[in-house]
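Below you'll find the structure, written out as structure tokens, and then a few comments.
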Amino acid sequence: MSTPTPAQSQAIAQVEQWLALARSGQMELPQLMDVAAKLQAAGVATAAVLLYQNWVAATPSPFRHVGCFNWGTLLGDMGRHAEAEAAYRMALTLAPNFAQAKLNLGHQVEHQGRSEEALEHWRAVYDDAAPVGLGTEPVVLHLHALNNAARLLETLKRYDESEALMRRSLALGPRQSDVAQHYVHIRQKQCAWPVYDTFGDVTHNHLLMSTSLLGMLDESDDPALQLLTAQRFVYEKVAKVTTPPLHQGHERSGKIKIGYLSGDLCMHAVGLLTAELYELHDREKFEVHAFCWSREDGTPLRARIKASVDSLTPIGGIGDRQAAGLIAAAGIDVLVDLQGLTSGARPGILAHRPAPIQVSYLGLPATSALPGVDWILADRFVMPPESLPYHTEKPIYLPNSYQVSDRQRTANAVPTRAQAGLPEAGFVFCAFNNNHKMSEQVWRCWMRILRQVPGSVLWLLADNPFAQANLTRVAVQEGITPDRLVFAPRALPADYLARFALADLFLDTFPYNAGTTASDCLWMGTPILTRSGKTYISRMAGSLLTAVGLPDLITTTIDEYEQRAVQIGNQPARSASYKRYLAEHGRSSPLFDIPATVRDIEREFERLALPARVKS
């Protein structure tokens with residue numbers, strides 16, 4: 001062990017002196033807090049923890065509960081949740097009405113997986129008409145408790161309870177944008193219409209302006225609104241970077257280095273679509289690197305993706321600036337962002353510009369408005385010329401469809417209709433998109449279609465019981481009995497793929513089209529009826545249908561969509577003809593010529609990367 005330097009010896013002596021004072025019982029609380037703050041700033045939080053521990057044990061102060069609270073806060077920040085829990089419980093033993101300790105205790109037991117207990121601690125605060133806190137107004141304590149309980153209930157998929165608490169929170173603080181954002185989306189997930197349900201001082205405009213980009217993609221086909229929503233998120237949430245791009249000064253030579261940036265390289269729609277992409281890259285010309293914070297879900301898909309890249313760098317435990325530095329140091333020529341502004345995204349990495357060419361792809365089928373993203377992979381159907389003013393990114397046009405997919409996906413044996421819960425006879429419409437994509441306009445259209453196609457049923461994904469109840473209620477309003485709605489539980493990928501063989505026609509959602517689901521449907525030989533609008537996301541299925549050779553299944557108005565669905569439903573031979581076409585030609589069409597799509601992507605990346613090397 002090396003001998004401490006004089007400066008280190010002096011610092012150690014000072015800490016020992018402070019600890020001795022804490023053990024003496026003579027240290028006043030303000031001095032304790034000041035010393036602890038100095039220790040934290042010096043990077044020795046463990047010493048600050050020890051200081052509080054000794055002070056609490058030795059000092060008969062009327063403020064011991066505050067010391068316990070601060071002690072717990074330090075422990076919680078260090079991830080020592082069981083010890084933090086004990087500190088907060090000690091604080092509550094000394095001051096049973098200490099609201100902040102109840103709130104933080106809730107967080108610590110949540111970290112330990114005890115959700116119900118966390119909810120109880122927060123309920124004790126928000127149901128208290130006058131909670132007692134130190135230097136904090138009761139309304140702030142109420143909002144903290146309500147918002148965290150609502151957040152946890154949403155993750156537990158107890159959407160009705162979560163929404164009720166969000167409404168209580170917004171009634172107290174109607175200008176809370178983050179709460180309004182979750183309120184809008186939780187109503188979308190429940191198919192609770194109208195989504196923009198105003199009350200009290202919560203206005204339609206405030207809900208609209210608080211809507212997340214994902215929520216806006218569900219709600220509106222207006223490209224200007226989508227752009228506005230993305231820009232607002234970037235302005236409010238993404239740190240401004242004024243330093244020079246990190247890629248400057250790093251040599252890039254030899255093979256072109258492609259980096260994929262994502263937290264979804266696992267059992268997720270992005271992982272399912274892109275697995276073969278990584279495998280098919282031409283290793284004579286390209287290196288393939290992944291920078292990810294994906295969960296280790298133990299699936300064969302995760303193992304396959306990890307094996308298909310030349311290097312995988314986990315960046316989940318480091319900051320955006322450090323992660324960007326790793327990417328820049330690797331000499332990445334083209335950084336492909338597979339996340340955009342979706343859940344778990346890390347746009348701060350892109351803001352540092354670790355690569356000279358930064359491209360958006362798949363994860364966000366819309367503009368991200370991120371300053372660090374200059375390009376988006378597209379085709380001329382999803383991104384026609386009239387849409388360009390509403391994208392901050394320039395298009396990289398692929399000649400066929402924008403979408404890669406996986407030709408190695410396999411299906412299990414097709415179940416019988418009875419096993420799938422379907423009637424033995426009758427036309428089967430299906431709609432396996434997530435429930436949050438279903439708008440009231442489209443749902444009522446589907447009910448009119450069922451009315452006009454006798455004996456038909458609509459086969460749906462049973463995403464959550466609240467959506468199922470709301471969808472069934474509106475169906476009854478439209479004259480459709482519940483037995484004509486068949487809700488299928490979620491299934492493993494191979495079982496889910498097998499279901500498509502039993503469906504006669506897939507009804508697409510609008511404005512949020514099917515993406516991965518549309519690819520799966522066409523791969524399995526089932527036709528899709530879509531409505532294409534003005535935005536990238538409302539034109540995804542139309543892109544796939546064009547590339548597979550079925551453009552007559554693309555409509556552009558709700559009336560045309562309804563009419564076409566009724567025509568096909570009343571002429572089962574027409575659906576059978578589409579199925580024969582897909583069985584004979586679908587998998588050999590440009591849509592599923594994945595090697596050709598990968599070559600197209602590589603050609604465009606090379607076109608951009610080589611001049612960027614010369615410039616640097």
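Please calculate the 1.4 Å probe accessible area of Arg167, with all protein chains present, and give it to the nearest 10 Å².
Here the residue's solvent-accessible area equals roughly 70 Å².
How would you order 242-255, 440-453, 341-354 from highest to lowest mean count of nearby Cβ atoms within 10 Å?
The peptides rank, most packed first, as 341-354, 440-453, 242-255.
Round to a whole angstrom and tell me the spacing of the C-alpha centers of segment 216-275 and segment 484-510.
With segment 216-275 and segment 484-510 each reduced to a Cα centre, they are spaced 31 Å.
What net charge do the residues around Val457 carry, taking every other residue with its C-beta under 13 Å from that of Val457, with Lys and Arg at +1 and Asp and Glu at -1?
Residues near Val457 contribute 0 overall.
Output the relative contact order of segment 169-279, whole-number percent, from Cα pairs under 8 angstrom with separation of 6+ residues.
Relative contact order comes out at 18 percent.
List the relative contact order of the chain as a percent without decimals, with contacts defined as Cα pairs under 8 Å and 6+ residues apart.
Averaging sequence separation for qualifying contacts and normalising by length gives 10 percent for the chain.
Hey, if we sort Leu362, Leu370 by accessible area with the 1.4 Å probe, largest down, what's the order?
Accessible-area ranking of Leu362, Leu370, largest first: Leu362, Leu370.
Would you work out the Kirkwood radius for segment 465-616? I mean one over the mean of 1/r across all pairs of different Cα atoms, in Å.
Evaluated over segment 465-616, this radius sits at 17.7 Å.
If you place +1 on the Cβ of every Lys and Arg and -1 on the Cβ of every Asp and Glu, how big does the dipole about the Cα centre of the chain come out, in debye to the nearest 20?
With Lys and Arg at +1 and Asp and Glu at -1, about 500 debye.
Percent of Cα-Cα pairs per 10 Å bin, from 0 to the last occupied bin, for segment 454-507, please list those.
Taking every Cα pair in segment 454-507, the percentages come to 20, 51, 26, 2.
Quick one: 3J(HN,Hα) in Hz for segment 227-237, Karplus 6.51/-1.76/1.60 with θ = phi - 60°, rounded, Gly and Pro as x.
With coefficients 6.51, -1.76 and 1.60, one gets 5, 4, 5, 5, 5, 5, 4, 4, 5, 8, 10 Hz.
Across 10 Å bins from 0, what is the distribution of all Cα-Cα pair distances for segment 275-413, in whole percents?
Final binned percentages: 11, 38, 37, 13, 1.
Find which of Ala164, Thr136, Val44 sits farthest along the positive direction of the dipole of segment 22-175, computed with +1 on the beta-carbon of Lys and Arg, -1 on that of Asp and Glu, about the Cα centre.
Of the candidates, Val44 comes out farthest on the positive side.
Taking a temperature of 4 °C and a viscosity of 1.567 mPa s, what whole-number D in µm²/s does Stokes-Einstein yield for segment 254-324 with Rh from Kirkwood over alpha carbon pairs?
Reported coefficient: 104 µm²/s.
Would you please report the Å³ per residue occupied by the convex hull of the alpha carbon atoms in segment 517-592?
75
Under the classification rounded if a/c is under 1.5, otherwise prolate if a/b is larger than b/c and oblate if not, where does segment 318-379 fall, given a ≥ b ≥ c as square roots of the Cα gyration tensor eigenvalues?
In terms of gyration-tensor shape, oblate.
Which one of Gln181, Gly317, Ser589 is farthest out on the positive end of the charge dipole of the chain, using unit charges on Cβ (Lys, Arg +1; Asp, Glu -1) and the Cα centre as origin?
Of the candidates, Ser589 comes out farthest on the positive side.
When Lys and Arg each count +1 and Asp and Glu each count -1, what net charge do the other residues less than 14 Å away from Thr59, Cβ to Cβ, add up to?
+1
Just the Cα atoms of segment 52-210: what Rg and Dmax do they give in Å?
Just the Cα atoms of segment 52-210 yield Rg and Dmax of 17.5, 59 Å.
Under 20 Å from a label point 7 Å along Cα→Cβ of Ala425: give me every residue in segment 566-584 with its amide N that close.
568-576
For helix 177-189, what angle does its Cα long axis make with the longest principal axis of the chain, in degrees from 0 to 90 and rounded to 10?
Tilt relative to the chain: about 40 degrees.
Looking only at Cα atoms, what is the convex hull volume of segment 233-277 per residue, in Å³?
Considering the Cα atoms of segment 233-277, their hull volume per residue is 121 Å³.
Tell me, what is the 1.4 Å probe accessible area of His121, in Å² to the nearest 10?
Here the accessible area works out near 40 Å².
What whole-number value in cubic angstrom gives the convex hull volume per residue for the C-alpha atoms of the chain?
185
Stokes-Einstein D for segment 394-460 at 4 °C, 1.567 mPa s, Kirkwood Rh over Cα pairs, in µm²/s?
It comes out at roughly 84 µm²/s.
With every protein chain present, what accessible area does Met90 have (1.4 Å probe, heavy atoms only), rounded to the nearest 10 Å²?
70
Got a number for carbon plus sulfur as a percent of the chain's accessible area, 1.4 Å probe?
Ligands and nucleic acids excluded, carbon and sulfur give 55 percent.
Return the tail of the calculated pair distribution for segment 343-416, meaning the percent of Cα-Cα pairs more than 15 Å apart.
Of all Cα-Cα pairs in segment 343-416, 62 percent lie more than 15 Å apart.
Set Lys and Arg Cβ to +1 and Asp and Glu Cβ to -1, take the dipole of the chain about its Cα centre, and tell me which of Gln441, Phe429, Trp375 lies farthest positive.
After comparing all options, I get Trp375.
Obtain the nm distance between the two label points defined at Ala7 and Ala171 by a simple spin-label model: each point lies 7 Å from its Cα along the Cα-to-C-beta direction.
5.9
Rg(Cα) of segment 557-616 divided by 2.2 N^0.38 Å?
Rg over 2.2 N^0.38 Å, computed on Cα atoms: 1.99.
Quick one: angle between helix 440-452 and the longest Cα principal axis of the chain, in degrees between 0 and 90, rounded to 10, please.
The angle comes out near 30 degrees.
With contacts defined as alpha carbon pairs under 8 Å and 6 or more residues apart, what's the relative contact order of segment 93-228 in percent?
Reported as a whole number, the value is 15 percent.
In a Debye calculation with equal point scatterers on the alpha-carbon sites of segment 495-543 and no solvent, what is log10 I(q)/I(0) at q = 0.14, 0.27 Å⁻¹?
Debye output, listed in q order: -0.31, -0.94.
Against the longest alpha carbon principal axis of the chain, how many degrees, from 0 to 90 and to the nearest 10, is the axis of helix 64-77 turned?
Tilt of helix 64-77: around 40 degrees.
Sort Phe69, Phe500 by accessible area with a 1.4 Å probe, largest first.
The ranking, largest first, comes out as Phe69, Phe500.
In debye, nearest 20, what is the charge dipole magnitude of segment 1-143 about its Cα centre with +1 on Lys and Arg Cβ and -1 on Asp and Glu Cβ, if you could check?
The dipole magnitude comes to about 360 debye.
Could you work out the Rg to Rh ratio of segment 7-62, with Rh taken as the Kirkwood radius (inverse of the mean 1/r over all Cα pairs)?
A ratio of 0.96.
In debye, nearest 20: dipole of segment 228-378 around its Cα centre with unit charges on the Cβ of K, R (+) and D, E (-)?
Result for segment 228-378 is approximately 320 debye, rounded to the nearest 20.
Which whole-number percent of Cα pairs in segment 130-235 have a distance greater than 18 Å?
Roughly 50 percent, rounded to a whole number.
Just for the Cα atoms in segment 1-133, what are the lengths along the principal axes, largest first, rounded to whole Å?
Here the Cα extents, ordered largest to smallest, are 56, 31, 20 Å.
If you roll a 1.4 Å probe over the heavy atoms of the protein chains, what accessible area per residue do you get for the chain, in Å²?
41
Order Phe63, Phe432 by their accessible area, 1.4 angstrom probe, all chains in place, largest first.
Of Phe63, Phe432, the descending order of accessible area is Phe63, Phe432.
The values are calculated or read from the model by the stated rules, or taken from the named source; none is laboratory data. Every value quoted in this text rests on a predicted model; they were computed, and no experiment measured them. Ideal geometry is used to build each Cβ from the backbone, glycine not excepted, and the neighbour counts take in all protein chains shown. Each accessible area value is taken on the protein alone, full model and side chains, heavy atoms only, with ligands, DNA and RNA left out. Shrake-Rupley method; radii C 1.70, N 1.55, O 1.52, S 1.80 Å.
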